[in-house]
Amino acid sequence: MGQRKSNAPRRKLAGRMDAWLVARSARVRPTPADRFLRTLSTSANHSRLWLAVAAVLALLGGRAPRRAAVRGLVSVALASSVANGVAKPLFPRRRPPDESVPFVRRLVTPPVSSSFPSGHAASAAAFATGVALESPAAAVAIAPIAVAVGYSRVHIGVHWPSDVLAGAALGSAIALGTRRWWAQREDMPAELGPDLRIAPVTDGGGLLLVTNTQSGGGTDAEQFRSLRESLPDATILEVADDLAAQLDDRASRDDIVALGVFGGDGTVSAVAAAAVEHRLPLAVFAGGTLNHFARDTGVERLEQTLTALASGQVVQTDTAQVRSDGLAARTFVNTASLGGYPDFVRTRERWESRLGKWPAAGIAMVRALFRAQPLRVSIDGVDTGIWMLFVGNGHYRPAHQIPMARPALHHGALDVRYLRADMPFSRTRLIWATLTGTLDRSATYVHRRSERLTVHVDSGPVALAADGEVDERGTDFTFTSRPATLTLFRPADVH
């Protein structure tokens, strides 16, 4: 009873403040803004306004606007569900009386649900905050719209000001909370080794430039034409198959002083392996469907690598190797995996362009876990069961979620993660942990860093996937980090 009495004065004060603010708003003279605010308010019904804004963001192109649109809509869905489905039934409150605002402002059919909190304000704040997390520039334009939607609910007499403030606080908090299970994308290039200088490669002289005519999605013909014009003295090697054999033969020639590659991650990985073997610097030109290595190392644009070639600016980066059943070692620059991880990557890539990387990754993880078969393995001599194994070259983030960004690529370490299948309800626990962002607290998720990793598969040969390419099957795998083995052309001013 004492607590209830102590809260009563505060509620009365809030009620008087609400009434005073509504009265002040009602005394504002009629203007064309009345019709605008009423239209704006109704356009936000069922989040139609935010769906339209998200569509515009997606059409603008670029990773940041698309991610902003998806995070904004996910935040709206969560905020609307909590505000309308949970908070309103728990905190019933009468809406302002009809006569609290002039007739010209009122809705023909006012809402009858609880006034507290404002679902419109919650959705508006959630969308603006979600967008701000991914694209602050876009949020600058959207924030005034969100504020106007919130105020419009008071202006047309369907909410008290405190309803709007509470709804906005709820929506913003929920949008900020999405970072727990959907980390913000870090677009900064990975930290590499120190900047070095070698002899410049002028006009492509001494450069063997490789392009794979069968790379995923094909290469961009216009970009490649421009690249050839910029490097008129380069030797061009167009390959469709047996890339390793052709590279080995050409790279050993005395007139070749550097290797170049125009293509996606699979082609880059193969050429990087040749560059390491022949101790040649590598020029990467992103030209494939997936360009993770180029993006992570800060050479996603052709002009960046061209500038580094002309000036001789290079850095050293790590590579990694995997040896299977005693066969020749396979170099990879991004990731290698066993089990259900290749299926996860394929599904994520299929949905990534439409939903953004993080939502696509969540869907892919759930789907891969449902399809995966458990593997009985021995990892560094310890017997366990796993659904999938991920081995990354370098440090990946976040540590407690699905790995998405690579902040460092020069510490000589493998990023090792696997999902255990030898625990009760492990699949269900992993799906729940993935969706709630609690993988770091789940005993079914193991994450560590190591310079070397050995894996023996007891349940028979399995396929190895490395940098998106599925190689031979095997039962014994040894993964090894190879620090500072790749010399990469990159301008010194990349940040």
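The values are calculated or read from the model by the stated rules, or taken from the named source; none is laboratory data. This one's a predicted model, so the numbers in the text were calculated from it and none came from an experiment. As a convention, Cβ positions derive from the backbone with ideal geometry for all residues, glycine included, and neighbour counts pool all protein chains shown.
Within segment 454-483, the set of residues being surrounded by 15 or more Cβ atoms within 10 Å (Cβ to Cβ), of a type in the set (A, V, I, L, M, F, W, C) and under 27 Å from the mean Cα position of the chain (by Cα) comprises 464, 465, 466, 479. Please find, among 92, 102, the residue that is surrounded by fewer than 21 Cβ atoms within 10 Å (Cβ to Cβ), at pLDDT 85 or above and of a type outside the set (Val, Ile, Thr). Exactly one of 92, 102 is surrounded by fewer than 21 Cβ atoms within 10 Å (Cβ to Cβ), at pLDDT 85 or above and of a type outside the set (Val, Ile, Thr), namely 92.
When residue 492 is tested against (1) touching a residue at least 12 places away in the same chain (Cβ under 8 Å); (2) surrounded by fewer than 16 Cβ atoms within 10 Å (Cβ to Cβ); (3) out of contact with any Asp or Glu (no Cβ under 7 Å at 6 or more places or on another chain); (4) part of a loop (DSSP other than H, G, I, E, B), exactly one condition is not met: (3). Checking each residue in segment 404-419 for being in contact with a helix residue (DSSP H, G or I) (Cβ under 6 Å, 6 or more places away or on another chain) and closer than 11 Å to residue 387 by Cβ picks out only 419.
Restricting attention to segment 152-203, the residues that are small (Gly, Ala, Ser) and more than 35 Å from the chain's Cα centre (by Cα) add up to 3. Look through 114, 162 and report the one residue that is farther than 19 Å from residue 48 by Cβ, of a type in the set (Gly, Ala, Ser) and in a loop (DSSP other than H, G, I, E, B). Going through 114, 162 in turn, the sole match is 114. The helices (runs of 4 or more DSSP H) falling completely within segment 257-342 that include 3 or more residues that are surrounded by 24 or more Cβ atoms within 10 Å (Cβ to Cβ) and either without any contact (Cβ under 8 Å) to a residue 24 or more places away in the chain or of a type outside the set (S, T, N, Q) (or both) map to 265-278, 292-297.
Entry remark, segment 369-413: residues being farther than 29 Å from residue 318 by Cα and not in a strand (DSSP E or B) number 6 in total.
Among the residues that make up segment 230-238, is at least one of them surrounded by 12 or more Cβ atoms within 10 Å (Cβ to Cβ) and at pLDDT below 85? Looking through segment 230-238, at least one residue is surrounded by 12 or more Cβ atoms within 10 Å (Cβ to Cβ) and at pLDDT below 85. For segment 386-396, the criterion of being of a type in the set (S, T, N, Q) and touching a helix residue (DSSP H, G or I) at 6+ places or on another chain (Cβ under 7 Å) is met by none of the residues.
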